[in-house]
Amino acid sequence: MWAQMSDEELLTRSDLIVMGEWVGQSEPLTLGGTVRVELGAIAIAEVLKGPKGVNATSAPTVALVRVAPAAAPASSSDLAYRRGQRGLWLLRLDPGGSSGIYLADHPQRFVPADKDAGRIARLRALLGRT
């Protein structure tokens, strides 16, 4: 079950906010010698909010997102993304993961560009990025 977040709360609780496209998902990887994860990749077109010191020239070109393992039994709380999905991604850092790995673990953390351009415009305005 998901608790609805206000737009302001969603923006505050997001560490990296980008316009981008889901480009795929990895096979299981081992990080740190013991942790097995699967990662998705978002090709970043524009960074709207990011870590301190990130600017247009130092912005990352890809965001790595931890996803539920494809081979594992599905849970009702799993979110699945498909190659080619474009829109606004409101990501939070994975608190138990490696540095630079994010989560898109709430339905509000992805706003599809083809279906909700108005919401993207409102969120951009709240960020001062029209």
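Structure summary
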read-out: Amide hydrogen neighbours beyond the local backbone of Lys49, cut-off 5 Å, H modeled; value: Ile17
read-out: Sites Arg119 and Glu27 - FRET efficiency at Förster radius 35 Å, r taken between beta-carbons, to 0.05; value: 0.55
read-out: Note, ³J(HN,Hα) from phi for segment 123-130, Karplus 6.51, -1.76, 1.60, rounded to Hz, x at Gly and Pro; value: 5, 4, 5, 4, 7, x, 10, 8
read-out: FRET efficiency, 1/(1 + (r/R0)^6) with R0 22 Å, evaluated for Leu93 and Asp7 via beta carbons; value: 0.65
read-out: Vicinal HN-Hα couplings computed from phi for segment 102-107 (Karplus, 6.51 cos²θ - 1.76 cosθ + 1.60; Hz; Gly/Pro x); value: 10, 10, 10, 9, 9, x
read-out: Amide proton proximity set for Tyr102, modelled H, under 5 Å, gap of 5+; value: Leu64, Val65, Arg66, Asp94
read-out: Extension gain from Leu127 to Ala45, taking 0.36 nm per residue of separation minus the Cα-Cα distance; value: 27.9 nm
read-out: Cut-off under 5 Å, modelled amide H: who pairs with Glu38 long-range; value: Leu29, Val67
read-out: Arg86 versus Lys52: modelled label distance in nm, points set 7 Å from Cα along the beta carbon direction; value: 3.5
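Any read-out appearing in this document is the output of simple, stated calculations on the displayed coordinates, not a laboratory observation. What you see is a predicted model, and the numbers here were worked out from it, not measured in a lab. Note that we place each Cβ from the backbone using ideal geometry, even for glycine, and neighbour counts take in every protein chain shown.
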